[in-house]
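Asks: Got a structure here, written out as structure tokens. Questions coming.
The values are calculated or read from the model by the stated rules, or taken from the named source; none is laboratory data. Predicted model, so just to flag it, every value in this text is computed and none were measured. Positions of Cβ are generated from backbone atoms using ideal geometry, with glycine treated the same way; all protein chains shown enter the neighbour counts.
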Amino acid sequence: MATILCLETATTNCSVALSVNGSVISLREDDSPGFSHAEKLHVFIEEVLREGRLKNKDIDAIAVSRGPGSYTGLRIGVSAAKGMCFALDIPLLSIATLQSLAAGVMSSEGLVIPMLDARRMEVYSAVYSPKNIQIRETRAEIVTPQSFASFLEKGRVTFVGSGVKKFKEICNHPNAVFIEGISPSARNMAALAEDKHKKSDLEDVAYFEPYYLKDFLSH
């Protein structure tokens, strides 16, 4: 059983969760459009620990969303995670941002395609099975009415994330299901982080860098 602090800062959502044995016991989030990460992240860390009645020394590992996402947001989250791991001498876990986004809408029917908004008609996307297994790599791609056609022809596909709005406007396939208004959250990192911790699937704290893919948000 592990106590893991999960940090999600890849998008506008500044999100911190404290999990024990893969279950979230405390959560703080602010998804305001102005990027509150620099001001709120360490405050949220203190608050979830206080709510969980734990101290820094009780944390077994830090999990951080590794991207793709906002260059600035990722830097803030990864810097905080690495700093705490160094100070507490605990392991660092990294969770793919798109995987945790997909995990929030897992169902027994059809594929899940998480997509994050990029500039103009571009999105970051990946494809996951109903069991949250990645079956197509992460890409930065321009969406067109024919995007993801090979997956849609095979059955139901659920699209989720900030990139959904632009694709929904040009896709009218009957197998497409669109879920808007959902951002990556530390809540959905907990089970993934617990699994990685059990497998000792750890990052090198000194050399770990976020997965930028490219800088898609400027602020």
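Asks: Looking at (1) within 17 Å of the chain's Cα centre (by Cα); (2) under 23 Å from HIS37 (Cα atoms), which is the one condition that is false for ILE133?
Replies: For ILE133, the failing item is (2).
Residues checked against (1) under 30 Å from VAL48 (Cα atoms); (2) loosely packed, with under 15 Cβ neighbours inside 10 Å; (3) in contact with a helix residue (DSSP H, G or I) (Cβ under 7 Å, 6 or more places away or on another chain); (4) aliphatic (A, V, I, L, M):
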{"site": "GLU109", "(1), (2), (3), (4)": "no, yes, no, no"}
{"site": "SER129", "(1), (2), (3), (4)": "no, yes, no, no"}
{"site": "GLN146", "(1), (2), (3), (4)": "no, yes, no, no"}
{"site": "VAL157", "(1), (2), (3), (4)": "no, no, yes, yes"}
{"site": "SER185", "(1), (2), (3), (4)": "yes, no, no, no"}
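Asks: Go through the stretch 144-158 and give me each residue that's part of a helix (DSSP H, G or I) and of a type in the set (Ser, Thr, Tyr). Even if it seems obvious, please write down each step before you answer.
Replies: Pass one, the stretch 144-158, residues part of a helix (DSSP H, G or I): 149-152.
SER150 - this is the single residue of the stretch 144-158 that is part of a helix (DSSP H, G or I) and of a type in the set (Ser, Thr, Tyr).
Asks: On to the next question. Would you mind finding the one in ILE76, ILE45 that is of a type in the set (A, V, I, L, M), out of contact with any helix residue (DSSP H, G or I) (no Cβ under 6 Å at 6 or more places or on another chain), surrounded by fewer than 24 Cβ atoms within 10 Å (Cβ to Cβ) and at pLDDT 95 or above? Let's see the steps before the verdict.
Replies: On the way: ILE76 fails: out of contact with any helix residue (DSSP H, G or I) (no Cβ under 6 Å at 6 or more places or on another chain).
Answer to the selection: ILE45.
Asks: Which residue pairs have Cβ atoms under 9 Å apart, sit 6 or more places apart or on different chains, and have a first residue in the stretch 160-171 that is touching a residue at least 40 places away in the same chain (Cβ under 8 Å) and a second that is part of a helix (DSSP H, G or I)?
Replies: From the stretch 160-171, the pairs are VAL160/LEU101; VAL160/ALA102; GLY161/LEU98; GLY161/LEU101; GLY161/ALA102.
Asks: If you take the residues in the stretch 116-130 that are farther than 17 Å from GLY181 by Cα and either free of Cβ contacts under 8 Å to residues at least 24 places away in the same chain or outside any loop (DSSP other than H, G, I, E, B) (or both), which one is farthest from the chain's Cα centre (by Cα)?
Replies: ARG120
Asks: Out of the residues in the stretch 28-51 meeting the condition of being touching a residue at least 24 places away in the same chain (Cβ under 8 Å) and outside any helix (DSSP H, G or I), tell me which one is farthest from VAL205 (Cα to Cα).
Replies: That would be ASP31.
Asks: Tell me, yes or no, whether the stretch 123-141 has at least one residue that is polar (S, T, N, Q), at pLDDT 95 or above and farther than 18 Å from LEU101 by Cβ.
Replies: Checking the stretch 123-141: not a single residue is polar (S, T, N, Q), at pLDDT 95 or above and farther than 18 Å from LEU101 by Cβ.
Asks: While we're looking at this one, here's another question. Go through the residues of the stretch 52-71 one by one and say whether even a single one is outside any strand (DSSP E or B), hydroxyl-bearing (Ser, Thr, Tyr), more than 19 Å from ILE4 (Cα to Cα) and under 16 Å from the mean Cα position of the chain (by Cα). Please lay out each step first, then the result.
Replies: Going through the stretch 52-71, the residues outside any strand (DSSP E or B) turn out to be 52-60, 66-71.
From what is left, the residues that are hydroxyl-bearing (Ser, Thr, Tyr) are 70-71.
Going one step further and asking which of them are more than 19 Å from ILE4 (Cα to Cα), we end up with 70-71.
Next cut, under 16 Å from the mean Cα position of the chain (by Cα) only: 70-71.
Yes, the stretch 52-71 contains a residue that is outside any strand (DSSP E or B), hydroxyl-bearing (Ser, Thr, Tyr), more than 19 Å from ILE4 (Cα to Cα) and under 16 Å from the mean Cα position of the chain (by Cα).
For (1) assigned by TED's automatic domain parsing to the domain that holds ALA80; (2) of a type in the set (D, E, K, R); (3) surrounded by 16 or more Cβ atoms within 10 Å (Cβ to Cβ); (4) over 16 Å from ASN188 (Cβ atoms), each residue gets a yes or a no:
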residue: VAL16; (1), (2), (3), (4): yes, no, yes, no
residue: LEU27; (1), (2), (3), (4): yes, no, yes, no
residue: PRO33; (1), (2), (3), (4): yes, no, no, yes
residue: LYS40; (1), (2), (3), (4): yes, yes, yes, yes
residue: ARG53; (1), (2), (3), (4): yes, yes, no, yes
residue: ASN56; (1), (2), (3), (4): yes, no, no, yes
residue: ALA61; (1), (2), (3), (4): yes, no, yes, yes
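Asks: Scan (1) touching a residue at least 24 places away in the same chain (Cβ under 8 Å); (2) not assigned by TED's automatic domain parsing to the domain that holds ASP89 for the single condition MET189 breaks and write down its number.
Replies: Only one criterion in (1) touching a residue at least 24 places away in the same chain (Cβ under 8 Å); (2) not assigned by TED's automatic domain parsing to the domain that holds ASP89 is unmet by MET189, namely (2).
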